[in-house]
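Reviewing the structure listed below.
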Amino acid sequence: MWKRTPINGRMNSYLIFRNLEKVYVSQNPDLVAERRYLERANERLEAMRRSAREMMEAALATPRGGTHQARAERDVIVRQSLARLEQLEIGDQALTFGGIDYELPLGTVCTYHIGRLAVSDEDMEPLVVDWRAPVAEPFYRATGKEPMGLKRRRHFSLEHKELASIEDELFGAVAVPEGAEEITLSGPGSLFAAVTRARTGRMADIVSTIQAQQDEIIRAPLAGILVVQGGPGTGKTAVALHRAAYLLYTHRLRLERQGVLVVAPNRIFAHYIDQVLPSLGETGVQITTVAGLAGFGEPRHPETEREALLKGDLRMADVIAKAVRDRQRPLKRSAEVAWGAFVVNVSPEETAEAVRAAKRRSGPHNRRRRLVESILALRIAEKYLAKRDMHDLDSADHLENGESTVTQKGSSVAELKVAKRDLAKQIRRSHTFQSLVQRIWPSLTPEALLADLYSHFPLIRLAGRDWLTEEEMKLLLRPAISHEHHPTWSKSDVVLLSEAKLHLGAYSKKSEDEDRAFGHIIVDEAQDLSPMAARMVGRHSLSSSMTLVGDIAQATSPFGKRSWQEIVTPMPKGSSFEIVELKVNYRTPQEVMDIATTLLKEFFPELKATLSIRHSGQPVMIEKVVNEDFTNRLTQVVHREVDAVSPGTVAVIVPEAEKAVYLEKLITSGLTASPLPDSRLSVLSITEAKGLEFDSVVISGADHLLHPSSLNLQALFVAMTRTTNRLVFVHNRDVPDVIVDLTSQQKIR
C-alpha cells in the first residue's frame, strides 16, 4: 500500500511513504531471536578485538634484540594490530541496524544482517555484513517498484545497544500515480525516529537511515569531480562523510596510501563532524579547514568585504607569480667580494647571466637559487685564481683565510678545474657571498614575500599593474606589517601565502618542498570557496578526484550568487564535473520551509526548493519587542526554548559584532551558554552556525546577520533552516515583512 501526501501545494509531487505491501513495527515475533543473534555478533566482535590486542601484546613482548628484519616485522605487527583495533572500535554505537532477505529460487531465502563493520563467526561465516559491501546495497536502494531481489528489509530500533523493536518492509509490486514524482523512504519509522531525536551538539552518522538517492551518491565512482547540490536538511554533509568511508572501503589499497581529505568551512564545523567517520570504523581520514590546508596558522587579521573579494580573485595568482619574478633581479652596479688577499669585482652582466640561466630552469624559486650561487661562485673563484696567479707567478703559498686549495705554475687544466671547484664551494659558504646572492635571488618564505609586498606600494605596483586598478592596488597596501615581528593574516591572506609557497618552494633543505596531495578530497560548504581557495584545494588533489557539497542558495561569502561552473572552474583540471541534486529535506519542518522557500524565491528564483517530509506542529514564532529592554526579552525567550526542547540543543544566532554582548547577558541570567555548538545553548554568528543543526533556533538582529545588504536574505535563509523543530525571531522592526505576514498566516491556520 502507498500513501500520497501533497508537498508545498504542488499536486504532482508526492512522498511515497509506503511503497511496500506491509510494514510491521515493534512486537515482531522474531524479536527474541534477533536479540540473541545480535548478542552473538557482539560477542564475536569482542573476540576479534581481543585477538588483535593479544597479537599486539605478543609482538611487544618479544626481546628487543634480533635481526633488523625481526625488528621490522615486529613493528609491522604492532602497527597492523593498532589499526585493526581502531577499525573495530565503534564506541557506543550499535553494531548492526537491520537486515535483508534475498528471495532465491525454489522459495529459499538468504538473510544478511547489515552493520557498521563486518563480523564473522569462528568458521569465517559472515554474521554481519559491512554496510559498504555490494551485497548490502539493496538495503538502501530497493523500492517496491525495483525490489532488487529482496523479499524483506528489516530495520532495528536499539536503545543502549539493546534491540527494542523491529520494522519490517515486505516488498511487492506498486503502481505510482501518473505524473507523480516518486520519492521513496526506506525504513520510514527508523528515519523519523532519527530525525526527531534530540540533538547533542555533535553530528551523528546516518548509516542506518541512508535513503536511496543518498546511497547512489555515496557509491558513485571515485574518478572525477562530483558536485552534490543540496538544500537545507538534505543530509549532504552526512552523505559526503559516508562517501569517504565507502571509498576507503572500496579502494582501500589506493586510498590508504594516498589519503582522503575532508575540508570543513571552519574549526567549529570540523569539530562538529569529527566523530562521524570513527563511528563507521574509519580513522585515517584527515579533517581540516581551508586555513589548515594552507598551513600558515589560523587567520586572525580582520578584512573588509572589498579586501576579501580582491584577494580571492584569480587575478591574484598572476600578481603573486609576478611578485616572485620581481625578486629575481641582476645588480644594477658592480659589487665587490673580498676573498683572501684580493677583492674580486662582480659585474651587472655576470649577475644577469646567472639570473637568465636560473629563469630558464624549471622548479620553485628557492631551489633555483642554488644555480645562481653555483654560477657566481665559480665566476668569483675563476677571477680570484687569475688575480692570485698574476700577483705571484712563482709562489705556491697556501691560500689565505683557511683555504686549502693550491695552484702552481704549470698545473694541469684538470688540476685547475678541481682547484676552481673546491674554491667555489668555500666561497658559497661565506657570509659575504650569501649576502650578495640575497640581493640578486633572495631566499624567501611566503610570509616574507607577502609582508614585503603589502608594505611597499612600489612592489605592489610592479607586481599588479598589468592586472589590478590603481584603487585595487591601494587596497593591498598595509604599511604597518613591515613593523610587525609576527604579522597576522586574514582568511584570504593564508590562501595567498599558499599560492606564494607554490612558486617559492621550500625555504631550506629541512623544510617541506611540496604540499601533500590526496587521493580524494571532500569539500563541505563548497559554495563559499573563493576562486583562489578553490584553486588551492585543487592543487592538493592527485588526480582531480573530489566531492564538493553545498547549496548555492546558502552562499554567504562576498562572492555571492554563483553557479557551480564558476565555483569549480578555478580548480586545476576541474572545469569538467558531474552535478547531482538532493531533493528531500529530512531535517527542516514544513512550517519553517514554507517561509524559507518564500525567501529563496526573493534572491534565487530559479532554484527549486527541497521537499520537506515532516511537520513539527510548531508554527514559526515572532517576539516583537516594544517599549521594554530588548536583551531582557531575548533572555526570557531563550529560557523558554531551553526548557521546551530539553534535553536538546538551542542556538541563538546573532550578528558577529554583538555575539559577546549576548553571550554575557545569557550567562548573567543564569543560563549555561557557550560560543561553541556542542553545548545545550550556543551563541553563534551566521558563519559559525552554517551546516549545523539544533532543536530550536532563536534569531536576533535578522537584518544584520551579514554586513553586505545583498547577502542578508541568504544569511536569514541559512539561519532559519538550522532548526529541526522550533524557530523564534526576537526583533524590534528588523524582520522582513514577508516573514511577519507568513507567520501570522500560520497562526490563523
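Relative to a virtual label point 7 Å from the Cα of Glu54 in the Cα→beta-carbon direction, which members of the stretch 118-157 show backbone nitrogen distances below 19 Å?
119-125
Residue by residue through the stretch 279-292, which ³J(HN,Hα) values in whole Hz follow from phi under the Karplus form 6.51 cos²θ - 1.76 cosθ + 1.60 (θ = phi - 60°), with glycine and proline marked x?
In residue order, the calculated couplings are 5, 9, x, 10, 10, x, 7, 8, 10, 8, 10, 4, 5, x Hz.
Compute the FRET efficiency between Asp734 and Lys161 as 1/(1 + (r/R0)^6), taking r as their Cβ-Cβ distance and R0 = 30 Å, and round to the nearest 0.05.
0.05
Tell me the label only: which of (i) 247; (ii) 234; (iii) 218 is volume of the Cα convex hull per residue in Å³ as calculated from this structure?
Recomputing volume of the Cα convex hull per residue in Å³ here gives the entry labelled (ii).
Any chance you could give the angle, 0 to 90 degrees and rounded to 10, that helix 491-504 forms with the longest Cα principal axis of the chain?
Result, in degrees: 40.
Is the shape of the stretch 426-530 rounded, prolate or oblate, going by the alpha carbon gyration tensor and its root eigenvalues a ≥ b ≥ c, with a/c under 1.5 for rounded and a/b larger than b/c for prolate?
In terms of gyration-tensor shape, oblate.
5 Å is the cut-off here: which amide hydrogens, built 1.01 Å from N in the peptide plane, fall below it relative to Ala118, excluding neighbours closer than 5 in sequence?
Asp130
Given Cβ point charges of +1 (Lys, Arg) and -1 (Asp, Glu) and nothing else, what value in debye, to the nearest 20, does the dipole of the chain about its Cα centre take?
1920
At most 13 other Cβ atoms within 10 Å and a DSSP loop assignment: could you name the trypsin sites (Lys or Arg not before Pro) in the stretch 253-306 that fit?
Here the trypsin sites (Lys or Arg not before Pro) that fit, given the DSSP loop and packing criteria, are Arg300.
Determine how large the accessible area of His155 is when every protein chain is in place; take a 1.4 Å probe and give Å² rounded to the nearest 10.
About 0 Å², ignoring ligands and nucleic acids.
Would you pull out the residues with amide H under 5 Å of Val683's amide H, same chain only if 5 or more places away, H placed 1.01 Å from N?
Val652, Ser674, Leu676
How would Lys383, Lys322 rank on accessible area, largest to smallest, probe 1.4 Å?
Lys383, Lys322
Using θ = phi - 60° and the Karplus relation 6.51 cos²θ - 1.76 cosθ + 1.60, list the HN-Hα couplings for the stretch 730-738 in order, rounded to whole Hz, with x at every Gly or Pro.
Calculated HN-Hα couplings, in order: 10, 8, 10, 6, 10, 9, x, 4, 4 Hz.
List every residue whose amide H lies under 5 Å from the amide H of Met546, counting only residues 5 or more places away in sequence or on a different chain, with H placed 1.01 Å from N in the peptide plane.
Correct list: Gly224, Ile225, Leu226, Ile521.
Met55: accessible area at probe 1.4 Å, nearest 10 Å²?
Accessible surface of Met55 is approximately 110 Å².
At a 1.4 Å probe radius, which order do His301, His731, His431 fall into by accessible area, largest first?
His431, His301, His731
Computed FRET efficiency, Cβ-Cβ of Asp326 and Leu253, R0 35 Å: what is it to the nearest 0.05?
Once the sixth-power term is evaluated, E becomes 0.15.
Once the Cα atoms of helix 446-455 and of the chain are each reduced to a long axis, what angle between those two axes, in degrees from 0 to 90 to the nearest 10, is obtained?
Orientation of helix 446-455: about 80 degrees from the principal axis.
Rolling a 1.4 angstrom probe over the protein heavy atoms, how many square angstrom per residue are accessible across the stretch 46-186?
53
Relative contact order for the chain using alpha-carbon pairs under 8 Å, separation at least 6, rounded to a whole percent?
Normalised by residue count, the contact order of the chain is 13 percent.
What's the longest uninterrupted piece of the chain once you rule out the GluC sites (Glu not before Pro) that are loop residues per DSSP with at most 10 other Cβ within 10 Å?
179-605
At 1.4 Å probe size, with no ligands or nucleic acids counted, give the accessible surface of Lys145 in Å², nearest ten.
Its heavy atoms expose roughly 130 Å² to the probe.
Write down the percent of antiparallel bridges among all DSSP beta bridges whose residues are both part of the chain, to the nearest 5.
Expressed as a percentage, antiparallel bridges in the chain total about 40.
To test your reading of the geometry: what angle, between 0 and 90 degrees and rounded to tens, separates the Cα axis of helix 365-391 from the longest principal axis of the chain?
10
Separation between the Arg361 and Asp629 pseudo-spin-labels, each 7 Å from Cα along Cα→Cβ, expressed in nm?
Taking the simple label geometry, Arg361 and Asp629 are separated by 7.1 nm.
Can you sort Lys311, Lys501, Lys332, Lys491 by 1.4 Å-probe accessible area, starting with the largest?
Ranked list, largest accessible area first: Lys332, Lys491, Lys501, Lys311.
What ³J(HN,Hα) values, in whole Hz, does the Karplus curve 6.51 cos²θ - 1.76 cosθ + 1.60 give for the stretch 308-321 when θ = phi - 60°, with x put for Gly and Pro?
5, 4, 5, 5, x, 6, 4, 4, 5, 5, 5, 5, 5, 4
Please give the contour-minus-distance gain from Thr432 to Glu349: 0.36 nm per residue of separation, less the Cα-Cα distance, rounded to one decimal in nm.
Gain on extension, Thr432 to Glu349, equals 27.9 nm.
The values are calculated or read from the model by the stated rules, or taken from the named source; none is laboratory data. Just so we're clear, the structure is a prediction, and the values are computed from it rather than from any experiment. Note that each Cβ is placed from the backbone with ideal geometry, even for glycine, and that neighbours are counted across all protein chains shown. For the accessible areas, the whole protein counts, side chains as well, though only heavy atoms, and no ligand, DNA or RNA atoms are used. Shrake-Rupley method; radii C 1.70, N 1.55, O 1.52, S 1.80 Å.
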